[in-house]
Structure formats: structure tokens, C-alpha cells
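Down below is the structure, laid out as C-alpha cells.
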Amino acid sequence: MNSVILPLAAAISVAFSSCASSYNGGFTEASAALPNPPANAEGPWLGTWKSDVNDHTGPLWCIVQPTPDNPGKYDFRYRAGWGVFKFGDYTHTTPAKLGKDGSLALSGEMKLPGGLGTYQVKGKLTRETFSATYQGAGDRGTMSLKRPTP
């Protein structure tokens, strides 16, 4: 039994660490390129998510950027955690338009990886704040993020 579990655990660990380093590298690049003060809502965000149903909470990272070759849409590239677990990287693409003040309205559907379900997401990003709510079949809650410190 241990001869199967140990290699499986090692494979899962390598898979998660390669996802993490890819995301971490992208987040580090986006943070280094962020102007001070930010020009608009695009770029890196760091904060937490919190369930209103069961009070679970965890860290949340997001990189917001225009969707390449798809004007009028933005990619919200998330990475989330819960306890000691770090979830994989996933991207939520939604129609959005930057406001004259640099803000971005967020509204759309987000399908989480690993069969975790589909969620409705609504919120607003300014140059300095990212506040949103999410709701799915078994959960609802909030996402609160701010700009990472240099």
C-alpha cells in the first residue's frame, strides 16, 4: 500500500509546486511592473476570500489583465488557498470595460477547477481596492483584495 501512496503523494506535490512556481513567477512579474500609484484596476491583487456559509477563509491572489486577442474581455487569473492547501491556478474571463476613473466592474460566471462548481461573481475594482461577492450551489461569500506591497 505504501509503495502506491508515496509515489502518488510525490507526484501530486510536484504538480502543485510547478503550478505554484508558474503562478508565483507571473505574480512577481506583475507586481514589479505595477506603477505607483496604479494607473487603473489592471495588475496584481492580494487578499482573502471568506465563506458566509461556513466561515472558511483563505489567501487569494489575482492578476487582472485584458484578454489577449479578445477586446472587451478581461482575464482574472486566481490562485486561492484554504488552510495548508493551495488550490491550482485558474482563469475567469469576463466582459468588462475600464471606466474613465480606471475602475473595472466584475460580473460573470466562474467555473472552479476540480469539480468545485460554477460560481456567479460580482464586484468592483478601483485602482486600489478589489471587492467582490461569489455565490454557487453550496457556498457564497466575499473576496477582499488590495495591491501587494512593493
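Any read-out appearing in this document is the output of simple, stated calculations on the displayed coordinates, not a laboratory observation. Keep in mind the model is a prediction, meaning the values are calculated, not measured. Please note: Cβ atoms are built from the backbone with ideal geometry, for glycine as well, and neighbour counts cover all protein chains shown.
Each peptide in 140-149, 115-124 gets a packing score, the mean of other Cβ atoms within 10 Å over its residues, and the list from highest to lowest is 140-149, 115-124. At a Cα cut-off below 18 Å, give the aspartates and glutamates reachable from K100, other chains included and same-chain residues fewer than 8 away excluded. K100 reaches E42, E128.
Taking 0.36 nm per residue of separation and subtracting the Cα-Cα distance, full extension of the segment from K100 to T48 would add 16.0 nm. Here the extension length gained between A32 and T129 equals 33.1 nm, from 0.36 nm per residue of separation less the Cα-Cα distance. In terms of Cα to Cα distance under 26 Å, which lysines are near enough to K97, apart from those fewer than 8 places away along the same chain? Within reach: K73, K111, K122, K124, K146.
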